[in-house]
Amino acid sequence: MERKKILLVNAVNAGGRIQVPVGLIYLASNLKRHGYECEVFHVVDSRTLDACREKIRCHDYLFVGFSIWMGPSALDLLSLAALAKSRGIPTLAGGKFISSLKTETMNEASIDIAGIGYCEDTIIEVADALRGNRPLGDVKGIIYRAEDGEVITTPRRTDANIHLDRFDYDLSFVKDWNLYLQRDHSGLVLLDPLETQRGCLFQCSFCFHSKDDIYRDERGKKQVCSHSVDYVIEKAKYLKKVTGVNKITFCDDEFWINGKRSLEIMEKLKQIGIELLYMRIRFSSINKEMLRELKRLNVNSVACGLESGSRRIFELMNKGQTLETVEKKLKILQEEGMKVNTSIILGNPTETKAELLESVRYTLGLRKINKSLNIVAFVYAAIPSTVFGDLAVREGFKKPDSIRGWVTASAENHDLLKQWLPWYTEDEKKAMIRRDDYFSSNSTAAELLYGYRKKPLYIKLLTLPLYLYERISFYRLYYWFFSFPIEAKLFMKLFKIHQHFRERQKK
C-alpha cells in the first residue's frame, strides 16, 4: 500500500515555555489539503518522548519531519530521527535554526533532507518526490543527501506569496490545549497561538538571518507576508470556542507594522471577547495616539526590545533607532500609564567589561523615566548566519559544524562567553549567573511598588521591605556586586507571600 501518512514533531527544551507549534500546524494543514494524512506531535517531557518513539516504531510513515531548535531538545529529536532512519523512513528537518545552519545540518547522519526558509510549498513537493512523482532535485529550498552521499543544495525559494490566506491553519491539529493555556487574574490566556503576519523589515545584527537572504525577495528586500483581518478573526473565534480563552498574544515579530490593520484586528477581537495581553513593538513605532487606542482596547502592556545600553554596541546591533528615541518613547509610555517590558543582551562579541556595565547602568537609569520598567537581561548566544555570529567567530568562537555541536552553544551557556570575551573569567561567570536572579527580583519589586494604580492592602503593608530590597538589588546590579546575597533569600520569601495572595485572588 502506498504510504501517505506523515508525522511532524517538535520538542521543548527543559524549563522552556511550551508554545503552540504554529509552524508545524501550517505545514500539517497544507499537507492535509493536498490529500496527505498528517499528525503533529509535541514532545514536552520523557513520557511524550517515549510515546513518540512508539509511534515511529508502529507506523510506516512516508517521512517524519522535525522542527529543531537550539538546545538539548535537539538531541531528543535527533534520536527520534535515528529511529525513523533505522526503520527505513526518510527524515526531514526544518525551522528557523535549521535554515540558519544550512549544510551543517547534513553532518547529522539521521537527517536526509533540510527545508530552508518557509516550507509550506516545499513540504508538499518533498512529499510528492518521496512518493516518486517528481525528482527530489527539482524541489526548491532544500538541502539533501543523494544516494551516492553527495550533499546537494537546490535553488532557494523566492515565490513566497504575500497573502498567507492561501495556506490553511487548522487548529484541530492541537489535541490537548491544556498544554498551552495559562490563567491570570482576568481569565484564560494563550501565548502566541496565532500569527497575523510573518517576517520582519529590520536587520538587527544579532538576530536570525541578519547575514543571509533566505527571507528576501529577488530584489534583496525583506518580506512581510500577511493574513487578512477576517482570516485572523476566524481563527481567534475557533480558539475562543474550544478553549474559552480571554486573552492572547500574537507570535508576529512585530504586530504593529500596519497600524490601521492592527487596530482593526484588535477591535474585532474585542467584539468576540478576546483581548491582547501585551504587544511586541519597537520603541520607534510608538506615539501617543496609538497608545490611547491601545488603552481603549484594554491593552496596558507592551514589550520593546532595547537590547543594549552601550552606545557602541547598540550601534553595532543595527536596530534602526537611537537611544534618544528610546528615552523619548519611554516618556510617552510613562505619561500614558502603559506598562513596559524591555530586554538587554549581555556578553556580545567585542563587548568590554566597561561596556557591559554601561549597558546595565543605562538600562537601570531608565527607571528615572518609568519606575516600574520590567528589565530582563539575556546572555548572548552566537547564532549561525548572523552578523554577530560571524563577529563572535572572528573573536575566537569555535563554530560547531553540526546540529549536535550547537546543543551546548545555546543561550545561557556561560562557559562559551570566554571564547569571544578575553576578560571573561570564572569570577565574571559567577556574577553573570547570579545577575539573572537580581534582574528578575529587582523588576518584580519595582512593579509591586510602582506598577499598581491601586495597591492591594498586603502590598501596602510590605512597602518598606520592598523598597529596601528594590534599592539594594538596584545597586547590586549597578555596581555588579553579588557576593553574600542574603537579602535575595528574604525577598523570595516575601514574593512567595505575594504569589499566595495572587492565587487566592484568581480563585
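The values are calculated or read from the model by the stated rules, or taken from the named source; none is laboratory data. These numbers come from a predicted model, not from an experiment. Cβ placement follows ideal geometry from the backbone for every residue including glycine, while neighbour counts extend to all protein chains displayed. Side chains included, ligands, DNA and RNA excluded: accessible areas come from the protein's heavy atoms. Shrake-Rupley method; radii C 1.70, N 1.55, O 1.52, S 1.80 Å.
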Checklist line | Top positive-direction residue, dipole computed over the chain with Cβ charges, set SER73, CYS251, MET338 | finding: MET338
Next item on the list: Only Lys, Arg, Asp and Glu count, each charged at its Cβ (+1, +1, -1, -1), so figure out the dipole size of the chain about its Cα centre, rounded to 20 debye.
Entry: 2160 debye
Checklist line | Sequence of CYS52, CYS251, CYS119 when ordered by accessible area, the most exposed leading, probe 1.4 angstrom | finding: CYS251, CYS119, CYS52
Note to self: Let's see if you can work this out: charge +1 on each Lys and Arg Cβ, -1 on each Asp and Glu Cβ, no other charges. What is the dipole magnitude of the stretch 1-140 about its Cα centre, in debye to the nearest 20?
What the structure shows: 140 debye
Check: Mean projection of the alpha-carbon convex hull of the stretch 1-131 over all orientations, in nm²?
Finding: 7.3 nm²
Notebook entry, point to check: Tell me, what is the percent relative contact order of the stretch 192-274, built from C-alpha pairs under 8 Å that lie six or more residues apart?
Noted result: 41 percent
Next item on the list: With a 1.4 Å probe and every protein chain left in place, work out the accessible area per residue of the chain in Å², rounded to a whole number.
Entry: 45 Å²
Check: Sorted by accessible area (1.4 Å probe), largest first, how do SER46, SER73 line up?
Finding: SER46, SER73
Checklist line | Mean separation of Cα contacts under 8 Å (6+ apart) over length of the chain, as relative contact order % | finding: 12 percent
Checklist line | Relative frequency of Cα-Cα separations exceeding 24 Å in the stretch 146-275, percent | finding: 42 percent
Item checked: For GLU307, distant residues with modelled amide H under 5 Å away -> SER343, ILE344, ILE345
Note to self: I'd like the FRET efficiency for THR154 and LEU457, computed as 1/(1 + (r/R0)^6) with the beta carbon distance as r and R0 of 56 Å, rounded to 0.05.
What the structure shows: 0.30
Notebook entry, point to check: Given the chain, what percent of its DSSP beta bridges are antiparallel, to the nearest 5?
Noted result: 25 percent
Check: Any idea what log10 I(q)/I(0) is at q = 0.13, 0.14, 0.18 Å⁻¹ for the stretch 232-275, Debye with uniform C-alpha scatterers and no solvent?
Finding: -0.27, -0.31, -0.51
Next item on the list: Please report the relative contact order for the stretch 403-476, taking Cα pairs under 8 Å with a sequence separation of at least 6, and give it as a percent rounded to a whole number.
Entry: 28 percent
Notebook entry, point to check: What ranking do 420-426, 449-455 get when scored by the average of other Cβ atoms within 10 Å per residue, highest first?
Noted result: 420-426, 449-455
Item checked: When each of LYS454/LYS493; LYS241/LYS339; LYS96/LYS319; LYS371/LYS496; LYS329/LYS418; LYS241/LYS268 is checked by Cα-Cα distance, pairs over 27 Å -> LYS241/LYS339; LYS329/LYS418
Item checked: Dipole axis of the chain (+1 Lys, Arg; -1 Asp, Glu on Cβ), positive-most option in THR425, LEU130, GLN203 -> THR425
Notebook entry, point to check: Percent of accessible area on the stretch 1-127 owned by carbon and sulfur, 1.4 Å probe?
Noted result: 51 percent
Check: At a 1.4 Å probe radius, carbon and sulfur cover how many percent of the accessible area of the stretch 163-310?
Finding: 47 percent
Note to self: Show me the three semi-axes of the equivalent ellipsoid for the stretch 252-341, from the C-alpha gyration tensor (sqrt of 5 times each eigenvalue), largest first, rounded to whole Å.
What the structure shows: 26, 13, 10
Next item on the list: Could you compute the FRET efficiency for ALA431 and LEU490, with r as their C-beta to C-beta distance and R0 at 22 Å, rounded to 0.05?
Entry: 0.60
Item checked: Cysteines (scope the chain) whose Cβ has no counterpart Cys Cβ under 4.7 Å -> CYS38, CYS52, CYS58, CYS119, CYS200, CYS225, CYS251, CYS304
Next item on the list: First check a/c for the stretch 415-504, with a ≥ b ≥ c the square roots of the eigenvalues of its C-alpha gyration tensor; if it is under 1.5, answer rounded, and if not, answer prolate when a/b is larger than b/c or oblate otherwise.
Entry: prolate
Notebook entry, point to check: Considering the values [x] 29.2, 112; [y] 23.7, 73; [z] 27.8, 97, which represents Rg and Dmax of the Cα atoms in Å as calculated for the structure under consideration?
Noted result: [y]
Note to self: Whole-Hz ³J(HN,Hα) for each residue in the stretch 88-95, computed from phi via Karplus 6.51 cos²θ - 1.76 cosθ + 1.60 with θ = phi - 60°, x for glycine and proline: what do you get?
What the structure shows: x, 9, x, 10, 10, 10, x, x
Next item on the list: Can you tell me the order of 373-383, 261-271, 53-63 when each peptide is scored by its average per-residue count of other Cβ atoms within 10 angstrom, highest first?
Entry: 373-383, 261-271, 53-63
Next item on the list: Please work out the C-alpha center-to-center distance from the stretch 122-196 to the stretch 321-351 and express it in whole Å.
Entry: 34 Å
Checklist line | Amide proton proximity set for VAL9, modelled H, under 5 Å, gap of 5+ | finding: PHE41, GLY65, PHE66, SER67
